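Below is one structure, written out as structure tokens; comments come after it.
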Amino acid sequence: MRRISVLILLLLGGSTALGHPEDELCVPGQDGMDPALCAALAEMNSSEGELSQTDMLPILDEEGNERGFLSTAGLYITIGIGHILPDGADHILFVLAIFLASVRLQALAWQISAFTVAHTATLGLAASGVITPSSSMVEPLIAFTIAFVALENLVFKDMTKWRPLVVFGFGLIHGLGFAGFFGELGLPPGQFWSALIGFNVGVEIGQLSVIVAAAVLGWLARKWLRDPRGQNHYRRFIAQPGSLLISLTGLWWGVTRLLG
């Protein structure tokens with residue numbers, strides 16, 4: 001009967017008077033309207049520029065209860081990790097380009113720290129509405145930052161003195177990319193900071209996972225590529241070809257995103 005009543009109200013224009021009946025009847029974990037009808041109503045709301053039902057879902061846990069600070073942060077940590085692994089191919093390639101240029105742990109630490117501080121800053125500013133970047137500009141720029149860092153690996157054998165500053169500047173751009181994705185998630189009202197902190201922590205976990213995996217594989221490669229005379233061919237067979245492939249990928253992405 002509830003479904004029939006709602007349909008009658010919608011047909012008679014009663015949905016305008018009631019606001020959005022699916023807000024009461026499309027509650028996760030409770031018996032209510034048909035999921036397909038809920039989805040259709042949510043799409044109607046979204047087309048009107050209002051908050052859709054899917055935007056409200058992060059407030060509730062699997063049992064339909066309202067999430068607290070830690071529960072929301074935990075949810076967005078998972079989302080942040082997923083944004084890097086496996087969905088963040090451009091960010092993964094950027095981090096790998098940084099890694100391939102670093103023959104010493106200290107150099108790698110400086111670059112990763114600069115990148116982390118930079119993208120955290122612009123993520124916070126953009127997510128809070130202080131700045132409003134255009135994704136049509138940010139996405140091509142992200143691709144070109146990947147190409148630049150990888151090409152620099154081919155030109156310079158060791159990390160340059162200005163490399164941390166370059167990585168910091170590029171990290172600001174990557175943070176805008178993170179913010180674009182973060183803003184599309186449908187943020188739970190009143191839980192902005194827990195969602196933002198959780199998402200950023202998740203991004204860092206994903207990023208560090210890439211670094212750890214690359215470090216292990218790099219250590220093994222250095223062992224295998226050391227000849228009996230003590231010379232290591234890691235740069236020749238790993239760092240240079242890898243950087244070339246990353247640079248070409250970044251250039252391709254940048255051009256196609258500009259033209260798209």
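Filter the range 114-134 for residues that are of a type in the set (Gly, Ala, Ser) and without any contact (Cβ under 8 Å) to a residue 40 or more places away in the chain and give the result.
129, 134
When you go through (1) at pLDDT 85 or above; (2) over 13 Å from the mean Cα position of the chain (by Cα) one by one for residue 120, which number turns out not to apply?
So the condition that residue 120 fails would be (2).
Can you tell which of 184, 139 is among the acidic types (Asp, Glu), modelled with pLDDT under 90, within 21 Å of the chain's Cα centre (by Cα) and farther than 18 Å from residue 240 by Cβ?
Being among the acidic types (Asp, Glu), modelled with pLDDT under 90, within 21 Å of the chain's Cα centre (by Cα) and farther than 18 Å from residue 240 by Cβ holds for just one of 184, 139, which is 184.
Which residues, taken from the range 67-109, are among the acidic types (Asp, Glu) and touching a helix residue (DSSP H, G or I) at 6+ places or on another chain (Cβ under 7 Å)? Give the steps one after another, and end with the answer.
Of the residues in the range 67-109, the ones among the acidic types (Asp, Glu) are 87, 90.
Hit for the range 67-109 is 90, nothing else.
Can you give me the number of residues within the range 144-174 that are of a type in the set (Lys, Arg) and either modelled with pLDDT under 90 or not assigned by TED's automatic domain parsing to the domain that holds residue 119 (or both)?
Residues flagged as of a type in the set (Lys, Arg) and either modelled with pLDDT under 90 or not assigned by TED's automatic domain parsing to the domain that holds residue 119 (or both) within the range 144-174 amount to 2.
When you look at residue 75, is it farther than 18 Å from residue 207 by Cβ and either buried (at least 21 other Cβ atoms within 10 Å of the Cβ) or under 13 Å from the mean Cα position of the chain (by Cα) (or both), yes or no?
In short, yes.
Restrict the check to the range 210-226 and report whether at least one residue is in the same structural domain as residue 99 (by TED's automatic domain parsing), more than 27 Å from residue 126 (Cβ to Cβ) and not in a helix (DSSP H, G or I).
Let us first name the residues in the range 210-226 that are in the same structural domain as residue 99 (by TED's automatic domain parsing), namely 210-226.
Filter once more, keeping what is more than 27 Å from residue 126 (Cβ to Cβ): 212-226.
Filter once more, keeping what is not in a helix (DSSP H, G or I): 225-226.
Scanning the range 210-226, I find at least one residue that is in the same structural domain as residue 99 (by TED's automatic domain parsing), more than 27 Å from residue 126 (Cβ to Cβ) and not in a helix (DSSP H, G or I), so the answer is yes.
Which pairs have Cβ atoms under 6 Å, sit 6 or more apart or on different chains, and link a residue in the range 199-218 that is without any contact (Cβ under 8 Å) to a residue 24 or more places away in the chain to one that is among the polar types (S, T, N, Q) and surrounded by 14 or more Cβ atoms within 10 Å (Cβ to Cβ)?
As it stands, the answer is none, since no pair meets every condition given.
Which count do you get for residues in the range 115-164 that are of a type outside the set (D, E, K, R), in a helix (DSSP H, G or I) and farther than 12 Å from residue 175 by Cα?
As a first pass, look at the range 115-164 and keep what is of a type outside the set (D, E, K, R): 115-138, 140-151, 153-156, 159-160, 162, 164.
Among the residues that remain, those that are also in a helix (DSSP H, G or I) are: 115-127, 135-138, 140-151, 153-155, 164.
Now restrict to residues that are farther than 12 Å from residue 175 by Cα: 136-137, 140, 143-151, 153-155, 164.
Final tally of qualifying residues: 16.
Among the residues of the range 137-172, write down those that are among the hydroxyl-bearing types (Ser, Thr, Tyr) and without any contact (Cβ under 8 Å) to a residue 40 or more places away in the chain.
Result: 160, single match.
Only one residue in 112, 92, 81 is in the same structural domain as residue 191 (by TED's automatic domain parsing) and at pLDDT below 95, so which one is that? Give the derivation first.
On the way: 92 fails: at pLDDT below 95; 81 fails: at pLDDT below 95.
Residue meeting the stated conditions: 112.
The values are calculated or read from the model by the stated rules, or taken from the named source; none is laboratory data. Quick caveat, the model's predicted, so the values are computed rather than measured. Note that each Cβ is placed from the backbone with ideal geometry, even for glycine, and that neighbours are counted across all protein chains shown.
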